[in-house]
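Read the structure below first, then the notes.
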Amino acid sequence: MTSKVTTEVLEKGTKQVKTILQIAQKQKTKISYDKKAESEFFVDNSALAGFTGERILYMSVRELIENSLDSCEINHILPVIRLRLKLLDGLNDLWTISCKDNGIGIPSEKVPVAVCSFLTSGKYVEKQQRGLFGVGLKMIAAFSTKDTDHPLRVWSKSEEESECYFDLRTDIGTNKPITLFKKNVKNDESQIEGESGFKVEAVLRAKLSPVTKNKIYDYISQTSIVNPYAIITFETDEGKVTFKRRTEIMPYPSKEVLPHPSDMDLKTLKKAILNFMNQKTTLQGILSNSFQKMSNDKAKEIITRAGLPIKPADKYDEHELIKVVNVCKHTKFQSPNTDHLSPIGEKILTVGMTSEYSIILNKETANSGSQTQLSAKILKPALTAYSSRICVVNNRPTIVECGIAYGGDMPSFKLFRFANKIPLLYDEGSDVAREVISEVGINKMGISKKEVKEQFSHVETKSDRTVEYLPIHIFFHICSTKIPYKTAGKESIASEGDLKKYMKSCLSDLYRKVSAQIRRELKLKEDENKLRLYKHYIPFIIDAISESIKIDSKKLSLAFQNLAERYVSGELTNITKQIFPDSNQKRNQMTDKKNTVNNDNGDENNLNKFDKRTSVSKHGNKTKLDKINIHRKITKK
């Protein structure tokens, strides 16, 4: 604590303050060190999980759908997901959100911890999966506890157990679940129809702006593009939309994989030793069994280069183990395996692109006034293409997939970004996909910017790139065990390693595939504009001819229109031959007569065919050739 004593000293004849004296009182202070529970930390720093302001409902929808898809795909179950978002109390901004799926469910003894305890998840393995931190559903439970007095309602059913019901809340101060009520559900009260499934219902306090509402619609629509094998039903106060299943082909589930030795650190090595603690295995055996691309001979070589003595693995200290880590960092290994990844695949992505769902709002007028009704529209392109590449980013295998949908019902240019089958809707400007679009030009494929702008002049875009004037949708999907996100919100991907290089290669490949079709359509549009222009001026030409001669205007108009259509379609290469068919024949007859004239020089008949001068100039040259002497230089001029 400090006390301030202010003394003002005024000089004679002035009113200026000269000095301010501060006297501080000395006092000893103590700093207390407290531990904060994981749940309290994430609630206080909700931006780390993306739960900020108006994005609470969007993130809730996203986390629930991702959990449902993961739960179904782990056992290769065709997903059926029902999502419901309704306004409960408009005055207090309370919303009810629920999600039901036909996944594997959660065992009843694990439900409270899996739903309410932070940093408790079955996703902390080296494996491709949508979830990364295991905090999504916990954030929904914590925010429901923090802002409302409503419990989190959960129904769970697995193949081994019958359906159970829970009323749960989160103890934010201790990161422990609070079970308010639990019971076994009878058949007549069952909420889950199949052999297994999971349903959760929560009440959240949040504001839903028009921007956030559109983001929710876009997220669900784009999820159906990369998951066309799923049935997704979305219900709001404005209506109900169902995204139908368009294929029963599912990608193979991803598998857990051993870490690559190039990415080894001290923590990973100590964890590997701990896993073999009861088996009395040597360090050589642990290295060969805990890391991929590590044979027994390779492990023995690394231990020898590290200069370590042979003894049980648990007897090595950190100073010795760090030498193994350093040797691995400077050792060249084979590229990591990619067979454990689960990409979308050409067939599934093509199905999604050829039947692209889009949620739209229709305004309907009724007796009570105008109301908005939710509906879905399917966009069908004229052409699709697919390309993929396999690369290694940060010592982790990565699959890059790219797709293009052009023409048809596509209204304008749009970029779609996905990471492990998750749509990315925010921070597009900082994403590596946007950099690839700007660096790979479609005009290098014989498509000129001027021609595109003329044919698609109605398109409004802030960019000056040629591709953004075309009715084209570009899809990028990055598939890996660890996506190089730029932020914890998981909304944009960083350009690390050779990722951008392989993305550019995919896009260039697709541009080559679709460029011929685009050039063909641009030519058709140009021909249509020409024909429209010709047909506009034909009536004026008919009127002008009718004033001079008597002629059937209808027949002449039809003849001119037929002639214009044939000329634009390419049937007529020289339109003058069709208008004056006898003119060329008469000209040829006159030329033949002229060439048959005999004179003293026998070769002159043949030379006349190539002589383009008039008869006057020819005779003039003959008469003046002997009389005029012209120097060679002047002749050249």
Inset, instruction - Can you run the Rg to Rh ratio on region 461-534? Use alpha carbon positions and the Kirkwood inverse-distance Rh. - result: 1.16
Legend entry - region 375-385 - phi-based ³J(HN,Hα) in whole Hz, Karplus 6.51/-1.76/1.60, Gly and Pro as x: 8, 10, 10, 9, 9, 10, x, 8, 8, 10, 8
Inset, instruction - Would you rank ASP527, ASP93 by solvent-accessible area, highest first, keeping every protein chain in place and using a 1.4 Å probe? - result: ASP93, ASP527
Inset, instruction - Please state the charge dipole magnitude for region 166-238, taken about the Cα centre, from unit charges on C-beta atoms (+1 on K and R, -1 on D and E), reported in debye and rounded to the nearest 20. - result: 440
Inset, instruction - Could you tell me which trypsin sites (Lys or Arg not before Pro) in region 460-560 are loop residues by DSSP with no more than 13 other beta carbons within 10 angstrom of their beta carbon? - result: LYS462, LYS550
Inset, instruction - Just read off the accessible area of ARG396 with the full protein assembly in place, 1.4 Å probe, to the nearest 10 Å². - result: 40
Legend entry - Estimated D of region 348-428 in µm² per second, where Rh is the Kirkwood radius over Cα pairs and Stokes-Einstein applies at 25 °C, 0.890 mPa s: 157
Legend entry - Solvent-accessible area of LYS213 with every protein chain in place, 1.4 Å probe, in Å² to the nearest 10: 50
Inset, instruction - Sticking with the crude label model, points 7 Å out along Cα→Cβ, report the distance from GLU496 to LYS315 in nm, one decimal please. - result: 3.8
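Multiply the residue gap between THR96 and ARG532 by 0.36 nm, knock off their C-alpha separation, and tell me the result in nm, one decimal place.
Once the chain is fully extended between THR96 and ARG532, it gains 151.4 nm.
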Legend entry - Among ILE220, ALA272, SER295 - extreme Cα towards positive end, dipole of region 215-311, charges at beta-carbon: SER295
Inset, instruction - Set the Förster radius R0 to 25 Å, insert the Cβ-Cβ distance between SER162 and LYS86 as r into 1/(1 + (r/R0)^6), and round the FRET efficiency to 0.05. - result: 0.30
Legend entry - Cα pair distances in region 297-387, grouped into 5 Å bins until the bin that holds the longest one, percent each: 2, 9, 11, 9, 7, 7, 6, 5, 6, 6, 7, 7, 6, 4, 3, 3, 1, 0
Inset, instruction - Enumerate the amide H contacts of GLN128 below 5 Å, restricted to partners 5 or more residues apart or on another chain; note that Pro and chain-start residues carry no placed amide H. - result: LYS255
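Based on alpha-carbon positions alone, could you give the equivalent ellipsoid semi-axes of region 261-329 from the gyration tensor, as √(5λ), descending, whole Å?
On the way: eigenvalues 45, 34, 30 Å².
Result for region 261-329: semi-axes of 15, 13, 12 Å.
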Inset, instruction - At a 1.4 Å probe radius, which order do GLU163, GLU109 fall into by accessible area, largest first? - result: GLU109, GLU163
Inset, instruction - For ASP339 paired with THR304, estimate the spin-label separation in nm (one decimal), with each label point 7 Å from Cα along the Cα-to-Cβ line. - result: 3.0
Inset, instruction - Set Lys and Arg Cβ to +1 and Asp and Glu Cβ to -1, take the dipole of region 38-117 about its Cα centre, and tell me which of ASN75, VAL43, ILE56 lies farthest positive. - result: ASN75
Inset, instruction - May I ask you to rank ASP167, ASP218 by accessible area, largest first, using a 1.4 Å probe over the protein chains only? - result: ASP218, ASP167
Inset, instruction - Might you work out the accessible area of TYR537 for me, using a 1.4 Å probe with all protein chains in place, and round it to the nearest 10 Å²? - result: 120
Inset, instruction - Only Lys, Arg, Asp and Glu count, each charged at its Cβ (+1, +1, -1, -1), so figure out the dipole size of region 261-329 about its Cα centre, rounded to 20 debye. - result: 80
Inset, instruction - Pull out the extension gain between LYS186 and VAL113, defined as 0.36 nm times the separation in residues minus the alpha carbon to alpha carbon distance; nm, one decimal. - result: 23.9 nm
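The values are calculated or read from the model by the stated rules, or taken from the named source; none is laboratory data. The model shown is predicted, which means the values in this text are computed figures rather than measured ones. Reconstructed Cβ throughout: ideal geometry from the backbone, glycine too, with neighbour counts over all protein chains shown. Just so you know, the surface numbers come from the protein's heavy atoms only, side chains and all, with ligands and any DNA or RNA stripped out. Shrake-Rupley method; radii C 1.70, N 1.55, O 1.52, S 1.80 Å.
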